[in-house]
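Report on one structure; see the data block that follows.
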Amino acid sequence: MNISIWHPDQPYNDLPAIPRGDVLETRAVLRACVEARAALAELKQAAELIPNQSMLINTLPVLEAQASSAVENIVTTMDRLFVNLHAESGADPATKEALRYRRSLMDGFRALDDVPLCTITAEIVCSTIKGADMRVRTVPGTKLANAATGQTIYTPPMGEDILRRHLSAWERFMHDEREIDPLIRMAAGHYQFEAIHPFTDGNGRTGRVLNSLFLIQEGLLTMPILYLSRHIITNRNEYYDRLIAVTRDEAWEPWLLYMLEAVRKTSLWTLGRIQAIRALSDATVRRVRDVLPKIYSRELVDIIFEQPYCRIENLVRAGIAKRQTASRYLQLLAELGVLEARKVGREMLYVHPALLGVLMARD
C-alpha cells in the first residue's frame, strides 16, 4: 500500500502509475461497467434520434456547467445561466465562471476533430474555465486543505518536469490501454488527473470536462450531454472520500464503482430529460399548428426549444422572420401560454416555463 510513502503535507512526487487492468477490472467493477455501458448506449441512441440536436447541445451542457461549478462552491442559478447565455457581460462573477465552463466543454468538443485528448487539451480547457492563461504549474505551494479545519489533506506532485512526466503517463494510459473498458479508463484516469493536480486552480472542473470529451473520443457519446456532475454534486462528500481513499489505501474498486454508478444514474436521468423534451416538443407542435396555423412552422417551434429563454434576435438569426414579425410571433406564443414574456433590463425575453420545468426536474 502507498500509506508508507504518502504524507498529506508532502508533495506526492512518487504518485504511482494507474494499475494494470487485472487490478482495476474486478468482478464487481465489470458488472457495474456492463450496467453503465447499457444506460450510456441508450442515451446515445436517444440523442442521435432526436430531430433537432440543438435542443440538447444548447441546454444539457448548461446543467453540467452549473453542477460542476457548484462542486467547487461556485454557485449560480439555472435562471441566471440561461438569461446570460448570449449576454455574458452583464452576468455576476459566479455566473460568468459557470458559463466559461460550458464554453470550455463546447470548445473542447469541437477541438476533438483536430487534437486528441492530451495535456494541451487540459491546458486549453482550464484556460477557458479560468478566463486566464493556465499552464502546467511551475510554482510550489499547492495544497488541498479541509475547508472546515484548514488541515492539509493532500499535497500533489511539485515541479513542472515531475508533473509533465505524470501527465505523459496519464495520456498513455488513456490512449493505449485499449484492453481496459473505456468507462473504467475514464474513471481511473479522472482520479489520476486529480491526483496530479497540474494547475494552480480549476483542476476539478477541467477533469470533469475531460471525462465528457473522453467518452465522445471513444465513441460512447456523440455530443457532450452526459450530466455527470449531477451525481457528483448530490454525493459530493463521497466523491472526495473515494478520491482520497485511492491515494491513502489504493482503494480503486470503491472509486470505480462510484464513478460507474454516476455514469449509469446520470445516463438514465439525461435519457429521461431527452424523452420529456421530445414529448413536450411534439405536443407544442400540435398545439401551435392547431391554434396558430398562420404562424406555425416546425422551425419556429424548434427555435423556442433550443434554450428556455428566447429573444427576438434568435428568430431573426435563424431566418424565420424579420424583427417586427418575429416579435409578433413570440407575443402570440405568449398569449397562447407556450411562452411567458419577461422584461429584463431593456430587453424582452420570452421564457419557456415547461421546458425549464423539464430541465430542472429533480427525479
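Coordinate-derived values only; no laboratory data. In this text, all values refer to a predicted model and were calculated from it rather than measured experimentally. We place every Cβ from the backbone using ideal geometry, glycine too, and count neighbours over all the protein chains shown.
Computed values, structure above
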{"quantity": "Shape of region 172-229, Cα gyration tensor, a/c cut at 1.5", "calculated": "oblate"}
{"quantity": "Compactness relative to 2.2 N^0.38 Å, alpha carbon Rg of region 81-168", "calculated": "1.34"}
{"quantity": "Extension reserve of the residue 135-residue 336 stretch, reckoned as 0.36 nm per residue once the Cα distance is removed", "calculated": "67.2 nm"}
{"quantity": "Listed candidates (i) 41; (ii) 60; (iii) 45 - label of the one calculated as percent of Cα pairs over 30 Å apart", "calculated": "(i)"}
{"quantity": "Which of 182, 95, 84, positive extreme of dipole for the chain (C-beta unit charges)", "calculated": "84"}
{"quantity": "Cβ-based net charge around residue 55, under 11 Å, with every Lys or Arg adding one and every Asp or Glu removing one", "calculated": "0"}
{"quantity": "Net charge of Cβ neighbours under 14 Å - reference residue 179; Lys, Arg +1; Asp, Glu -1", "calculated": "-2"}
{"quantity": "Cα-based reach from residue 143 at 29 Å (exclusive), listing lysines while leaving out same-chain residues under 8 positions away", "calculated": "96, 130"}
{"quantity": "Degrees between helix 252-291 axis and first principal axis of the chain (Cα, 0 to 90, nearest 10)", "calculated": "10"}
{"quantity": "Amide proton proximity set for residue 348, modelled H, under 5 Å, gap of 5+", "calculated": "none"}
{"quantity": "Tensor-based shape of region 292-359 (alpha-carbon gyration tensor, a/c under 1.5 rounded, otherwise prolate or oblate)", "calculated": "rounded"}
{"quantity": "Inter-part distance where region 306-362 and region 103-143 are each reduced to a Cα centre, Å", "calculated": "34"}
{"quantity": "Given charges at beta-carbon only (K, R positive; D, E negative), |dipole| of the chain in Debye", "calculated": "1400"}
{"quantity": "Local electrostatic count, residue 323, Cβ distance below 14 Å [Lys/Arg +1, Asp/Glu -1]", "calculated": "+2"}
{"quantity": "Calculated [θ] (222 nm, deg cm²/dmol) that DSSP helices of n ≥ 4 give over the chain, each run adding -39,500 (n - 2.57)", "calculated": "-19500 deg cm²/dmol"}
{"quantity": "Extension gain, residue 178 back to residue 145 (0.36 nm per residue minus Cα-Cα distance, nm)", "calculated": "8.3 nm"}
{"quantity": "Simple label model, 7 Å out from Cα along Cβ direction - residue 31 to residue 245, nm", "calculated": "1.7"}
{"quantity": "Unit charges on C-beta of K, R, D, E only; dipole of region 292-359, Debye", "calculated": "280"}
{"quantity": "For residue 154, residues with placed amide H under 5 Å, excluding near neighbours", "calculated": "144"}
{"quantity": "Karplus (6.51, -1.76, 1.60) ³J(HN,Hα), θ = phi - 60°, over region 191-196, in Hz, Gly and Pro reported as x", "calculated": "4, 4, 4, 5, 5, 5"}
{"quantity": "Rounded to whole Hz, the Karplus (6.51, -1.76, 1.60) HN-Hα couplings of region 300-305, x for glycine and proline", "calculated": "5, 5, 4, 5, 7, 9"}
{"quantity": "Most mobile listed residue (184, 153, 129) in the chain, GNM with C-alpha springs under 10 Å", "calculated": "153"}
{"quantity": "Degrees separating the helix 236-249 axis from the principal Cα axis of the chain, which is the longest one", "calculated": "20"}
{"quantity": "Acute angle (nearest 10 degrees) that the helix 27-49 long axis makes with the longest principal axis of the chain, alpha-carbon atoms", "calculated": "20"}
{"quantity": "For region 47-198: rounded, prolate or oblate by the Cα gyration tensor [a/c cutoff 1.5]", "calculated": "oblate"}
